[in-house]
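Peer 1: Sharing a structure, written as structure tokens. Questions coming.
The values are calculated or read from the model by the stated rules, or taken from the named source; none is laboratory data. Because the structure is a prediction, the values reported are computed rather than measured. Note that each Cβ is placed from the backbone with ideal geometry, even for glycine, and that neighbours are counted across all protein chains shown. Accessible surface is based on the protein model in full, side chains and every heavy atom, while ligands, DNA and RNA are left aside. Shrake-Rupley method; radii C 1.70, N 1.55, O 1.52, S 1.80 Å.
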Amino acid sequence: MTGFYFAQNDSSLERVAKKTAELSLLAKGDGAEIMLQRVMAGNFFVVSPGETDELMEFFYILDGKVSYKQQDTNIYIEKGDYFYAHKLKEDICLKAENEVTMLYVSTQPVFHLLSNEIKELNQISSMIQEKDLYTHNHEQRVNNYCVKIASKMNMTKEGLEKLFYSALYHDVGKINVPDEILLKPGALTREEFEYVKKHPTDGRKLVEKTYLREIGEIIEQHHERLDGSGYPLGLQEDEIRVEAKIVAVLDSFDAMTSDRPYRKGMSPKIAMEELKKFVGIHYDKNVVEIFEEILKEEGIL
Ligand SMILES: [Fe+2]
Ligand SMILES: [Fe+2]
């Protein structure tokens, strides 16, 4: 039968997957696309205004639950519910409360746009993993607590999403640090440290090539310190973005508590004392206090 198609066994025309989401193109025709989107639990995704008013994007939830904030209330949309965007004026940020599968229909081609962005992120992510296993796991751990802290600070969903990705990719610029420096056991020479100091700016440049360009500034600022003693820009106090202040605290804590080939990591208790010594000098007071509260709640302190 010409012009009639069917698919079985989870097949699709094209599929892109990363750790946080998966998108499959099931069918396309006349500019419209039918996709299956899966977002893993706890991750955010954004529905953005189209280039033209014609674009309509429709999502039918096949499984799972998503939420978004309207004023101060959380709205939940779950299995059997749907939402769609037409003539959208601003980004809508949604969160997957658990693993969500949606039928995604777009009246205009979007798959290649989305898939290229996802591919770029994947590349960056695997580049770091290849480079240094420590860096990779480190970013995951930092990410985990950053989001917990920001939720307690009542950050908006958009803010949370930016923080989520900046924490996840904050050290991505280390891809340009030569291995003999990155993996060197022990203290670095001055010249070697000059190399390391470039990684926040290199990280910004890398994410700026992707649709996450807005988080570049946060990544560039994650080694800045309140008293201006940080790098690469020597920013102070309010010149540093709050998201970067959060990453800075978690980054330092994780570095202190991690075992390295040449030394054993500190206990969380001692690392927290260390952070507290530098509150107001290096680290934001509010962030450190909330972090301490979370670690106590989790029985880690
Ligand atoms: Fe870093
Ligand atoms: Fe780091």
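Peer 1: Scan (1) farther than 22 Å from PHE111 by Cα; (2) part of a strand (DSSP E or B); (3) touching a residue at least 40 places away in the same chain (Cβ under 8 Å) for the single condition ILE77 breaks and write down its number.
Peer 2: (3)
Peer 1: Go through the range 237-294 and report how many residues are part of a strand (DSSP E or B) and either surrounded by fewer than 20 Cβ atoms within 10 Å (Cβ to Cβ) or away from ligand 2 (no atom under 16 Å from the Cβ) (or both).
Peer 2: The qualifying residues number 3.
Peer 1: Scan the range 222-236 for residues that are of a type in the set (Ser, Thr, Tyr) and either buried (at least 24 other Cβ atoms within 10 Å of the Cβ) or within 14 Å of ligand 1 (Cβ to nearest atom) (or both) and jot them down.
Peer 2: The answer is TYR231, and nothing else.
Peer 1: Scan the helices (runs of 4 or more DSSP H) fully inside the range 126-216 and keep the ones with 2 or more residues being within 13 Å of ligand 2 (Cβ to nearest atom) and at negative phi.
Peer 2: Fully inside the range 126-216 and qualifying: 133-152, 157-169, 199-208.
Peer 1: Related question: So which of GLU158, GLU191 is over 23 Å from the mean Cα position of the chain (by Cα) and open to solvent by 70 Å² or more (accessible area, probe 1.4 Å)?
Peer 2: It is GLU191.
Peer 1: Of all residues in the range 9-50, which are part of a loop (DSSP other than H, G, I, E, B) and among the hydrophobic types (A, V, I, L, M, F, W, C)?
Peer 2: LEU13, MET40, ALA41
Peer 1: While we're on this one: Might you check whether a residue that is in contact with a Ser or Thr (Cβ under 6 Å, 6 or more places away or on another chain) and in a loop (DSSP other than H, G, I, E, B) occurs anywhere in the range 220-235?
Peer 2: Yes: the range 220-235 contains one or more residues that are in contact with a Ser or Thr (Cβ under 6 Å, 6 or more places away or on another chain) and in a loop (DSSP other than H, G, I, E, B).
Peer 1: Another question, then. Within the range 64-91, count every residue that is touching a Ser or Thr at 6+ places or on another chain (Cβ under 8 Å), under 18 Å from ASN43 (Cβ atoms) and of a type in the set (A, V, I, L, M, F, W, C).
Peer 2: Result for the range 64-91: 2.
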